[in-house]
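Working notes, structure below.
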Amino acid sequence: MSEKGAKPSVLLTIKEDALEHSIRDFLREFGVERMRTHSTPKEAVGHLRDDAEKWDIFVLDGSFPGALERVLEVRTELNSSIQILIILSNPTREDIVGAASMGVNDFITTPFAQKTFEDKLGAMSGRRNKTYVPSPFSVPPG
């Protein structure tokens, strides 16, 4: 885990190459020096099994099949407090509530601006605790 004031270390799993490249650019501009990408959520969770305490934020593309089940695995089997930011496309209220109930800390919808992404990262950077605490992100009214 990064020291207080340091930029976070980020694990990244994005389905589309163009979006992955944009996010990597955003992360570099934000000052993130330590990032690692995985082609599937399963690979990322496998990496977390070995190295969970070295990572602060897990950015996960919610369009992967089984993405939320991997989030639940991180929370229950690994008991990891890593901050999880999920990227959703046109989410319904149920999608957002479901993501929160599985252990996602925050979400962002596509398309998004770099500033919005950086604001989410900044907020999440200072939140990592020893135990998982659900974030108070707002759920749109149903």
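Some notes on this structure:
- In the condition set (1) over 14 Å from the mean Cα position of the chain (by Cα); (2) in contact (Cβ under 8 Å) with a residue 12 or more places away in the chain, K115 is compliant with all but (2).
Conditions (1) touching a Gly at 6+ places or on another chain (Cβ under 7 Å); (2) modelled with pLDDT under 95; (3) within 20 Å of S22 (Cα to Cα); (4) assigned to a helix (DSSP H, G or I), marked per residue:
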{"position": "L78", "(1), (2), (3), (4)": "no, yes, no, no"}
{"position": "I84", "(1), (2), (3), (4)": "yes, no, yes, no"}
{"position": "L88", "(1), (2), (3), (4)": "yes, no, yes, no"}
{"position": "G98", "(1), (2), (3), (4)": "no, yes, no, yes"}
{"position": "P134", "(1), (2), (3), (4)": "no, yes, no, no"}
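- Identity of the residue in the range 26-66, under 21 Å from T110 (Cα atoms) and of a type in the set (D, E), that ends up surrounded by the fewest Cβ atoms within 10 Å (Cβ to Cβ): E29
- Subset of the range 36-72 [within 12 Å of the chain's Cα centre (by Cα) and either over 26 Å from D95 (Cα atoms) or among the aromatic types (F, W, Y) (or both)]: W55, F58
- Neighbours by Cβ (under 7 Å, 6+ apart or cross-chain): first from the range 36-56, closer than 17 Å to L72 by Cα and in contact (Cβ under 8 Å) with a residue 24 or more places away in the chain; second among the acidic types (D, E) and surrounded by 15 or more Cβ atoms within 10 Å (Cβ to Cβ): V45/E73
The values are calculated or read from the model by the stated rules, or taken from the named source; none is laboratory data. Given the structure is predicted, the values throughout are model-derived calculations rather than measurements. In this analysis, Cβ positions are derived from the backbone assuming ideal geometry, glycine residues included, and neighbour counts consider all displayed protein chains.
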